[in-house]
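What follows is calculated from the coordinates using simple rules that are stated; it is not laboratory data. For clarity, every value in this text was computed on a predicted model and none was experimentally measured. Note that we place each Cβ from the backbone using ideal geometry, even for glycine, and neighbour counts take in every protein chain shown.
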Amino acid sequence: MGKHKIKNLLQKLNDEDRNTLCCLLIKAGYAARIGKERPGGKGQTMYFVEFWEEKNETEI
């Protein structure tokens, strides 16, 4: 499983929602982070939550 992004396309997720989502993903065993990007290098900043599965040292 690679990295997956949950994008805020409709601007409905605020900072508290992103933090809650990130906490839930971490509690479920995923690694997660909140990021931001500017599509096309200009315009409004888009925030997203990215998550992925970390491999245990025993799985490597």
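Consider LEU25 carefully, then state whether it is more than 14 Å from the chain's Cα centre (by Cα) and hydrophobic (A, V, I, L, M, F, W, C). The answer is no for LEU25. The set of residues in the stretch 1-36 that are closer than 11 Å to PHE51 by Cα, touching a residue at least 24 places away in the same chain (Cβ under 8 Å) and charged (D, E, K, R) comprises LYS3, LYS5. Scanning the stretch 1-50 for residues that are of a type in the set (A, V, I, L, M, F, W, C) and in contact with a Cys (Cβ under 8 Å, 6 or more places away or on another chain) turns up ALA32, ILE34, VAL49.
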